[in-house]
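Visitor: Here it is, the structure, as structure tokens.
Bear in mind these aren't lab numbers, they're just calculated from the coordinates by the rules spelled out. These figures come from a predicted structure and were not determined experimentally. Cβ placement follows ideal geometry from the backbone for every residue including glycine, while neighbour counts extend to all protein chains displayed.
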Amino acid sequence: MKETGNISAGQLAIFLFMFSIGSTPMFQLGIKAGQDSWIALCLAAVAGFGMLWVYRTLQNRAPEEDIAGLYKLHFGKIAGTVLGLGLSILLAYESMRNVRDFGELTSSTLLPQTPMWCVMLLITAIAYYTVSKGVFTFFRITQILFPMLLGSYTLMMFLLLVSGLIDYKQLRPVLENGYEPVLKTAFPDLLSFPFSQVVVLLVYWKYTAGNNKAGVATYSSYIAVSIFLVAVNAVIMMVLGPAVASIKAFPTLEAVELIRLFNFIERLDILVTLLLYIGLYIKIAGMYFSAVLLLRSACGVPVQVAALIYGPIIYAMSFMEPTNTFHLWAGLEVSVKFTPIYHIAIPLIMLLIGFKWVKRKAERQKPSGPQAPTQPQASTQTQFQPQTQPQSQSQSQPQSQAQPQPQS
Amino acid sequence: MKRSYAKGTMSEWSLLRRSLAALLLLLLLGVAGCWDRQELNELGIISATGIDITDSGRWKLSYQLVIPNAISSQGAYVGSSASPVNVFTTEGDSFRGAVNKATQEMSRRLYFSHNQIVIVGEKAARKGIAPLIEAYMRNGDSRETVAIFVTEGTARKVLEQLLPLEKISGAGINRLIGLEEKYGGNFRAMTMFELGQSMLGPVHVGGVAGIGLRGNGDPVDSVDAAKATHTGTKVRLQKVAIFKENRMIGWMTSHESRGILWAKGWVKETSVSFACEGERLKRNSIRIRQKKGKITPIKQGSSWLMRVEVSGEGALMEYNCPGDMSKPGNLRPIAERIEQELKDDIEDSIRGAQSLHADIFGFGNLLLKQHTREWKKIHKNWNEQGFPKIESEVIVKVKINKTGRSVNSYNNTIKEMHDKE
């Protein structure tokens with residue numbers, strides 16, 4: 001039950017892999033580019049890699065800070081707090097979106113009669129429980145779920161291949177209408193979802209501070225998951241073809257439903273549902289958790305309290321959208337247009353304005369943290385002594401979080 | 001998490017924990033799915049659906065309902081006194097509306113997940129099947145993997161028909177088409193999904209196997225029919241219905257259907273009958289397996305030539321012609337006659353499709369994929385103007401691998417002996 005260890009590079013890589021997959025099996029990403037969706041996805045992935053580099057560069061300026069701390073370093077205390085609070089709310093919103101996805105998915109496939117409030121209550125409760133257990137527990141859970149996710153995907157791909165449903169000709173003609181529709185699909189929509197969502201790493205990276213493998217692990221995991229997403233996207237397109245893929249609400253599910261082998265292997269919806277449940281859980285909990293951690297580092301709200309604040313809000317907000325159509329529209333059309341402010345614009349501004357001096361500023365501030373026994377800083381208290389610091393602010397040490405400390 | 005509570009408080013903790021655990025377990029009971037449980041004895045399992053249309057344009061849906069009691073014993077419908085299935089019909093302006101009306105006359109909820117086939121009456125098919133595909137695509141309980149058929153009469157008549165050796169005729173028909181696809185090579189099962197996909201494709205044309213009733217006209221719709229050694233009316237695969245833009249536009253014959261399957265490379269195994277040199281009656285046959293079926297568009301000036309390359313190999317099954325079969329060179333002329341036979345099939349089917357103005361071969365599809373720019377210029381009115389003018393070149397290669405357990409023909413040897421005497 002020790003919560004004091006650092007997150008290992010491997011754990012970080014697995015988290016990034018699973019988080020990036022997340023809810024993607026629900027959609028045929030980039031379907032607006034027709035059979036070229038995979039090209040659009042490739043382009044977005046490359047751009048996303050650039051963003052990842054930006055995030056990592058920012059993180060390297062102050063390895064023990066999370067993004068709220070970075071905001072404060074770059075923009076000053078007040079603006080930093082406001083931005084951090086904003087991002088925290090945005091992440092909670094995205095977590096809520098996934099809760100709703102989870103509800104919609106369950107009610108339209110597995111359990112059509114079960115009321116959505118019940119399904120969503122359960123997943124929110126599970127996410128809350130995860131958050132209350134701390135970062136390390138969460139990362140270990142992703143580790144445990146990883147083989148299941150990978151196994152399901154492998155089995156799915158294998159069965160699609162064996163049943164002869166994959167027709168590579170469906171990807172032709174390549175670039176039927178030139179690059180324009182592909183680029184339009186890739187930017188900003190595909191870059192915002194799923195690729196630049198890796199911005200949450202700016203919350204979790206600090207738990208790998210001092211681990212020099214973390215950077216390499218992040219980059220290689222990102223490359224792996226990008227290739228994976230492009231490959232899965234292309235396979236689904238090869239099975240369904242652009243026309244059907246654009247009609248169906250859950251293309252992956254549709255593709256898997258077509259599998260019929262030896263008169264008894266059929267109706268394998270459960271495989272996709274399993275994938276989606278794991279992916280959505282990781283996404284919900286990951287977003288929820290990062291929102292909670294940011295609320296702590298921005299405003300000093302203790303983790304347990306923040307979790308209790310956000311949990312019911314996420315659950316309640318998930319009912320705000322009247323219909324699934326509205327929900328999907330809001331997610332794939334509207335929110336991808338404004339999330340780039342936080343995912344892309346602000347990090348880029350930080351990259352430009354914070355050149356050199358931020359790193360020095362961060363180093364100046366650092367010694368003040370660990371030397372003082374009473375931890376004046378809320379956001380930087382994880383540095384240097386991972387063995388003794390209650391980094392995750394777990395429930396056993398409520399007193400350290402009870403008083404929201406002002407930023408030094 | 002540091003947990004260093006004193007020993008004395010342990011029991012308090014565990015009591016609290018136990019009650020919490022108990023509460024959670026209780027909650028789990030609720031999660032077990034009270035809302036979505038489906039009890040077998042509350043369901044009416046549908047094995048086949050039939051779609052007809054009334055004169056006023058309303059859908060008439062017929063269902064073949066499985067009667068669990070009647071099929072619980074082994075064997076065919078022979079021996080039981082109850083009919084294994086029950087057919088009934090509801091009517092509505094929309095499909096699901098019609099399905100919903102079933103509650104007015106059926107004591108159980110209709111369950112479509114085990115629906116194996118959908119039979120569409122010709123009249124309904126000519127009216128348009130887009131609403132049918134739409135209903136299947138949108139609903140999770142009725143799967144798109146059902147096989148679809150078209151029948152000349154009303155679909156209900158086919159559903160009422162019992163099949164020898166099969167208890168549930170819906171499942172039986174599904175097995176029938178599977179067998180045909182595997183060994184017959186004349187027809188191919190078309191699923192709702194494939195049909196929808198081909199309608200959405202660049203040429204908007206698809207083919208669906210036809211099913212009909214053949215025989216003396218006495219319907220086999222009662223288990224009493226099993227008391228006779230023959231069945232008056234049989235369900236039979238025949239012809240193929242061609243759909244264009246969601247409407248059925250005409251039939252093609254079995255012979256033409258075979259040509260389509262060969263050209264598309266969908267034949268797995270089939271028998272081909274062929275005549276001896278100078279004869280008309282096709283007295284010989286070969287069991288043949290398709291190796292290749294490829295269509296290549298070749299530009300010829302301003303128009304296109306479709307090169308259809310087909311190859312197969314097989315073993316002779318019967319051979320009544322003269323000739324010494326022990327010499328390899330002598331097999332070639334025989335193979336050539338088989339090639340000609342297949343070539344006729346394919347050429348006839350291309351001609352048939354051209355006269356129907358329906359690009360069932362997907363030539364337009366190939367042009368889109370391989371010559372996108374040129375296709376953009378000619379794709380308008382492709383079925384009506386472009387496709388009928390397409391020229392084709394059919395190249396068939398047949399290899400006779402085996403001649404069976406005989407070398408020379410028995411029939412011919414007798415003749416030769418007779419001539420000598």
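Visitor: Size of the dipole of chain B about the Cα centre, Lys and Arg at +1 and Asp and Glu at -1 on the beta carbon, nothing else charged, in debye to 20?
Guide: Taking the Cα centre of chain B as origin, the dipole is about 1520 debye.
Visitor: Can you tell me what the convex hull of the Cα atoms of chain A projects to on average, as an area in nm²?
Guide: For chain A, the mean projected area of the Cα convex hull comes to 19.5 nm².
Visitor: Shifting gears a bit: Does anyone have the angle between helix B:328-356 and the longest principal axis of chain B? Alpha-carbon axes, 0 to 90°, nearest 10?
Guide: Result, in degrees: 60.
Visitor: Work out the P(r) tail for the protein assembly as shown: percent of alpha carbon pairs separated by more than 52 Å, whole number.
Guide: Value for the protein assembly as shown: 31 percent of Cα pairs lie more than 52 Å apart.
Visitor: How are the Cα pair distances of chain B distributed, in percent, across 20 Å bins from 0?
Guide: Percent of Cα pairs in each bin: 22, 42, 25, 9, 3, 0.
Visitor: How much length is gained if the chain between B:ASP55 and B:LYS294 is pulled fully straight, taking 0.36 nm per residue apart and subtracting their Cα-Cα distance, in nm to one decimal?
Guide: Here the segment from B:ASP55 to B:LYS294 would lengthen by 81.7 nm.
Visitor: Nearest 0.05, what FRET efficiency do B:ASP141 and B:ARG332 give at R0 = 56 Å with Cβ-Cβ as r?
Guide: FRET efficiency, B:ASP141 to B:ARG332: 0.50.
Visitor: In addition: For chain A, set up a GNM with springs between Cα atoms under 10 Å and report which of A:GLU64, A:GLU333, A:GLU94 has the largest fluctuation.
Guide: A:GLU333
Visitor: Which residue, B:GLU166, B:GLU134, B:GLU313, has the most motion in a Gaussian network model of chain B that connects Cα atoms within less than 10 Å?
Guide: So, out of B:GLU166, B:GLU134, B:GLU313, the one fluctuating most is B:GLU134.
Visitor: In units of 2.2 N^0.38 Å, what is the alpha-carbon radius of gyration of the stretch B:37-252?
Guide: Ratio of Cα Rg to 2.2 N^0.38 Å: 0.98.
Visitor: Cross-link partners among aspartates and glutamates for B:LYS101, C-alpha distance below 16 Å, same-chain residues fewer than 8 apart left out?
Guide: Partners within reach: B:ASP52, B:GLU91, B:ASP93.
Visitor: Still on this structure, I have one more. Dimensions of the stretch B:311-421 along principal axes (Cα, Å, largest first)?
Guide: 70, 24, 18
Visitor: May I pose another question? If the elastic network links every pair of Cα atoms under 10 Å, which of A:VAL230, A:VAL305, A:VAL162 fluctuates the most in the Gaussian network model of chain A?
Guide: A:VAL162
Visitor: Would you please put B:96-103, A:76-83, B:299-306 in order of how densely packed they are, using the mean number of other Cβ atoms within 10 angstrom per residue and starting with the highest?
Guide: In descending order of packing, they fall as B:96-103, A:76-83, B:299-306.
Visitor: Please give the peptides A:219-225, B:124-130 ranked by average Cβ packing (other Cβ atoms within 10 Å per residue), highest first, as a rough proxy for protection.
Guide: B:124-130, A:219-225
Visitor: Looking only at chain B, where both bridge partners belong to it, what percent of the DSSP beta bridges are antiparallel (to the nearest 5)?
Guide: If I count the DSSP bridges inside chain B, around 70 percent turn out antiparallel.
Visitor: Run the dipole for the stretch B:37-252 about the Cα centre, Lys and Arg Cβ at +1, Asp and Glu Cβ at -1, nothing else charged, and hand back the magnitude in debye, nearest 20.
Guide: 220
Visitor: Okay, next question. Looking only at the stretch B:37-252, where both bridge partners belong to it, what percent of the DSSP beta bridges are antiparallel (to the nearest 5)?
Guide: So the antiparallel bridges in the stretch B:37-252 amount to around 70 percent.
Visitor: Quick one: compute a quarter of the convex hull surface over the Cα atoms of the stretch B:84-152 and quote it in nm².
Guide: 5.2
Visitor: Let me ask something else about it. Determine the gain in length on full extension of the stretch A:ALA231-A:LYS337; use 0.36 nm per residue of separation and subtract their C-alpha separation, reporting nm with one decimal.
Guide: So the chain would gain 35.6 nm between A:ALA231 and A:LYS337.
Visitor: Using a Cα-Cα cut-off of under 16 Å, which lysines could be cross-linked to B:LYS157, ignoring same-chain neighbours fewer than 8 residues away?
Guide: B:LYS60, B:LYS123, B:LYS234
Visitor: Hey, quick one: spin label on A:PHE262, modelled 7 Å out along Cα-Cβ, who in the stretch B:154-192 has an amide N within reach, i.e. under 20 Å?
Guide: Taking a point 7 Å out along Cα→Cβ of A:PHE262, the residues of the stretch B:154-192 whose backbone N falls under 20 Å are B:175, B:178-179, B:182.
Visitor: Give the relative contact order (percent, whole number) for the stretch B:37-252; include only Cα pairs under 8 Å separated by 6+ residues.
Guide: That works out to 21 percent.
Visitor: Right, another one. Under 18 Å Cα to Cα from B:LYS292, which aspartates and glutamates show up? Leave out anything in the same chain fewer than 8 places away.
Guide: Cα-Cα hits under 18 Å: A:ASP167, B:GLU181, B:GLU269, B:GLU309, B:GLU313, B:GLU336, B:GLU339, B:GLU341, B:ASP344, B:ASP345, B:GLU347, B:GLU393.
Visitor: For every helix of n ≥ 4 consecutive DSSP H residues, a contribution of -39,500 (n - 2.57) applies; sum these over the protein assembly as shown, divide by its total residues, and give [θ] at 222 nm rounded to the nearest 500 deg cm²/dmol.
Guide: My calculation for the protein assembly as shown gives -15000 deg cm²/dmol from helical runs alone.
Visitor: Name the residues whose placed amide hydrogens come within less than 5 Å of the amide hydrogen of B:VAL87, ignoring near sequence neighbours (fewer than 5 apart) on the same chain.
Guide: Counting only residues 5 or more places away or on other chains, the set is B:LEU65.
Visitor: Using the membrane-span-like helix rule (whole DSSP H runs, Cα extent along the own axis of at least 15 Å, mean Kyte-Doolittle hydropathy at least 0.5), which helices of chain A qualify?
Guide: For chain A, where a helix must reach 15 Å along its axis and average at least 0.5, the hits are A:9-21, A:37-61, A:77-105, A:116-133, A:135-162, A:214-247, A:269-299, A:303-317.
Visitor: In this model, which of A:LYS77/A:LYS337; A:LYS32/A:LYS184; B:LYS127/B:LYS389; A:LYS32/B:LYS380 are farther than 19 Å apart at the alpha-carbon?
Guide: The pairs that break the limit, which is 19 Å between Cα atoms, are A:LYS77/A:LYS337; B:LYS127/B:LYS389; A:LYS32/B:LYS380.
Visitor: While we're on this one: What angle, in degrees between 0 and 90 and rounded to the nearest 10, separates the Cα long axis of helix B:254-264 from the longest principal axis of the Cα atoms of chain B?
Guide: Helix B:254-264 sits roughly 80 degrees off the main axis of chain B.
Visitor: Give me the distance between the Cα centres of the stretch B:169-231 and the stretch A:177-253, rounded to whole Å.
Guide: Between the Cα centre of the stretch B:169-231 and that of the stretch A:177-253, the gap is 44 Å.
Visitor: Also, I was wondering about something else. Got a sec? Charge dipole of chain A, +1 on Cβ for Lys and Arg, -1 for Asp and Glu; which of A:ILE259, A:ALA307, A:PRO115 is way out at the positive end?
Guide: Going by the charge dipole, the pick is A:ALA307.
Visitor: Quick check: Cα centre of the stretch B:337-365 to Cα centre of the stretch A:1-56, how many Å?
Guide: With the stretch B:337-365 and the stretch A:1-56 each reduced to a Cα centre, they are spaced 49 Å.
Visitor: So, with +1 on the Cβ of K and R and -1 on the Cβ of D and E, and no other charges, what is the size of the charge dipole of the protein assembly as shown about its Cα centre, to the nearest 20 debye?
Guide: Charge dipole, the protein assembly as shown, about its Cα centre: 2280 debye, nearest 20.
Visitor: What does the charge count around B:THR403 come to, taking other residues whose C-beta lies under 15 Å from its C-beta (Lys +1, Arg +1, Asp -1, Glu -1)?
Guide: Net charge in that neighbourhood comes out at +4.
Visitor: Quickly work out the B:ASP348-to-B:ILE395 label distance, labels modelled 7 Å from Cα along the C-beta direction, and quote it in nm with one decimal.
Guide: Distance between label points: 2.5 nm.
Visitor: Based on a Kirkwood Rh over C-alpha pairs, give the Stokes-Einstein translational diffusion coefficient of the stretch A:212-251 at 20 °C and viscosity 1.002 mPa s in µm²/s.
Guide: Here the translational diffusion coefficient equals 182 µm²/s.
Visitor: Tell me, what is the percent relative contact order of the stretch B:255-421, built from C-alpha pairs under 8 Å that lie six or more residues apart?
Guide: Averaging sequence separation for qualifying contacts and normalising by length gives 29 percent for the stretch B:255-421.
Visitor: Taking +1 at the Cβ of each Lys and Arg and -1 at the Cβ of each Asp and Glu, which of B:LEU331, B:ASN365, B:GLY352 sits farthest along the dipole of the stretch B:255-421 towards its positive end, judged by Cα position relative to the Cα centre?
Guide: The residue sitting most towards the positive pole is B:ASN365.
Visitor: Whole Å is fine, so just give me how far the alpha carbon centre of the stretch A:303-361 lies from that of the stretch B:249-295.
Guide: If we compute the Cα centre of each part, the gap is 63 Å.
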